[in-house]
Amino acid sequence: MTQYEAVIGLEIHAELMTRSKMFCGCRVVDSVEAPPNTAVCPVCLGMPGMLPVINRQAVEYAMRVALALNCTIQHHNIFARKNYFYPDLPKAYQISQYELPLGVNGWLDIELDSGETKRIGIRRVHMEEDTGKLTHLEDGGSLVDYNRSGVPLLEIVSEPDIRSGEEARAYAMKVRQILRYLGVNSGDMEKGVFRVEPNISVRPAGSQILGTRTELKNLNSFRSLAEGTAYEIARQIAVLRDGGQVVQETRGWHEGRRETFTQRVKEEAEDYRYFPEPDLPPLEIDNAWIERVRAELPELPDAKIARYRAEYGLTEYDARVLAEERAVAEWFETAVSIGSDPKTIANWIINDLFRLMNEHKQSITEIRISPHNLVELIQLVSNQTINNNTAKEVLAEMFTTGQPAQTIVQSRGLAQISDETTLRNLINQILVNHPEEVIAYRNGKQQLRGWFVGQVMKATRGQANPALVNKLLTQLLNTPSDNTNT
Ligand SMILES: [Zn+2]
């Protein structure tokens, strides 16, 4: 039986989080929360005779993305009209970039489940404007909201280097992570500000000829992207094995049935009758501008992960978890800059702080604990004011009250008992009260040692310094003359 391989390219559409739209002064509003048609003007409503003006901030955001995706920025950019008739497009054309896109020849390394790294080529990154949003009603009517019309949109087109649904997901997630790092897109797929459309074809393994492709839409989660792509690959292989032919078309992903279905037969590019936008001059981008934007790029996830491992000695896993989101990474780095061991700080964030954030459904930007607060708590453990278990309790209280660790430790009397004389007297008393256990221990019943530790902790409500208790127990249990009369 013929073995097939999948050939997948991804088109990603990402709205840019600028204050105003791509070619007019209308503000960019939340497409779900803002009342419909409240952020519109004659330009983005497509009134005749209105002139577009390029949003410089949008160009810079697009340049950030192109540079972060290792693209070459083209100096000479032109905008084109992509003509088609649809109610969400009031001008009956979309201003886009066609022949001369902003960024070309980029790449992105993705990590596969196997632990290997794979490089995915990026063919182009170009600017365009978003369309309005249609809502289809049950009675057959449709509503249109032009708030989204003219919102700056970036299209990122990969080379067909992707071979599976899992790779498609890994690539899309990494692009989304980078956009969020760059502060240009929230990555919210549910709201449609980050949209992924794979082009999928299959061919006999080893063949260089591309098969007929289908384009998949309606993917509103990374899970749907992975599953929808895998489904489509399997469907196409089944069609070919049955002696059939794959039809070039756009297919939708049915969220409930977890399968793809025919949406429409695909237009060829020439159907759009692209031609240069006569109302916009070419956009010239000089080297000085490119280098300024490049210099302002934040440190990106891969660089952060490498630095956390080299500089702080973190494990690959811990470094990845902390670098996942820029806000978390910066919180961690602030804590490290205040001082104390990066590994200890990393452990507290990953094991304890994340658990509390999950329980309370809060992000790192919403919590009341500052990096400084956490470092203070860690210091109370390292100077033995409190032990680790108490510190976890204190952290939970810090999380809900926002109080510093020191205040909680004092007001609740949680400070650890580290005074040697106090503990020595206490242990002596326990040994006197339990002569039979002392004799049994000295006759070789070593496991009683844990029982003695438990007695000390019980008597001190868990606040005895464990290291000191162990040291004193060793001394006192092994030197009869020092305590009881046995
Ligand atoms: Zn407008």
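The values are calculated or read from the model by the stated rules, or taken from the named source; none is laboratory data. Source: prediction; values computed, not measured. Heads up, the Cβs are rebuilt from the backbone with ideal geometry, glycines too, and the neighbour counts pull from every protein chain shown. Calculation scope for accessible area: heavy atoms of the full protein, side chains included, ligands and nucleic acids excluded. Shrake-Rupley method; radii C 1.70, N 1.55, O 1.52, S 1.80 Å.
If R0 equals 51 Å, the separation of the Cβ atoms of ASP30 and ALA234 corresponds to a calculated FRET efficiency of about 0.85. Extension gain, THR262 to HIS360: 0.36 nm times the residue separation minus the Cα-Cα distance gives 31.0 nm. The local environment of ARG235, defined by Cβ-Cβ distances under 14 Å, has a net charge of -1 under the rule Lys, Arg +1 and Asp, Glu -1. The modelled label-to-label distance between SER114 and GLU190, using points 7 Å beyond Cα along the C-beta direction, is 3.5 nm.
Treat the range 420-482 as a sphere of radius equal to its Kirkwood radius over Cα pairs and apply Stokes-Einstein at 4 °C in a medium of 1.567 mPa s; give the translational diffusion coefficient in µm²/s, rounded to a whole number. The calculation lands on 112 µm²/s. The residues of the chain present an accessible area of 48 Å² per residue when probed at 1.4 Å with all protein chains retained. Net charge of the neighbourhood of ARG320, taken over other residues with C-beta under 14 Å away and scored Lys/Arg +1, Asp/Glu -1, is -3.
Can you put MET1, MET189, MET47, MET63 in order of accessible area, largest first, using a 1.4 Å probe?
MET1, MET47, MET189, MET63
Sorted on the mean count of surrounding Cβ atoms within 10 Å across their residues, most packed first, peptides 204-212, 102-110, 6-14 read 6-14, 102-110, 204-212. Report note on the peptides 143-154, 160-171, 436-447: ranked by the mean count of other C-beta atoms within 10 Å, highest first, their order is 143-154, 160-171, 436-447.
Hey, any idea what % of the range 4-289's accessible area is carbon plus sulfur with a 1.4 Å probe?
52 percent
The C-alpha atoms of the chain define a longest principal axis, and helix 165-181 lies at about 80 degrees to it.
Let me know the shape class of the range 373-486, please: from the alpha-carbon gyration tensor, a ≥ b ≥ c as square roots of the eigenvalues, rounded when a/c is under 1.5, otherwise prolate if a/b is greater than b/c, or oblate.
The shape class here is prolate.
At an R0 of 35 angstrom, the distance between the Cβ atoms of GLU296 and ASN389 translates into a FRET efficiency of 0.20. Across the range 145-275, the fraction of Cα-Cα pairs farther apart than 18 Å, rounded to a whole number, is 60%. Between the helical axis of 326-338 and the dominant principal axis of the chain, each derived from Cα atoms, what acute angle in degrees is found, rounded to the nearest 10? Taking Cα atoms only, the helix is inclined about 40 degrees. Solvent-accessible surface (1.4 Å probe) assigned to THR315 amounts to roughly 70 Å². Here the range 299-411 has 47 percent of its accessible surface on carbon and sulfur atoms, given a 1.4 Å probe and all protein chains in place.
Could you check how much of the accessible area of the range 420-482 is carbon and sulfur, as a whole percent, using a 1.4 Å probe? That share works out to 53 percent. Axis of helix 466-478 versus longest Cα principal axis of the chain: the two differ by about 30°, to the nearest ten degrees.
Across the chain, Cα-Cα pairs more than 31 Å apart make up 59 percent of the total.
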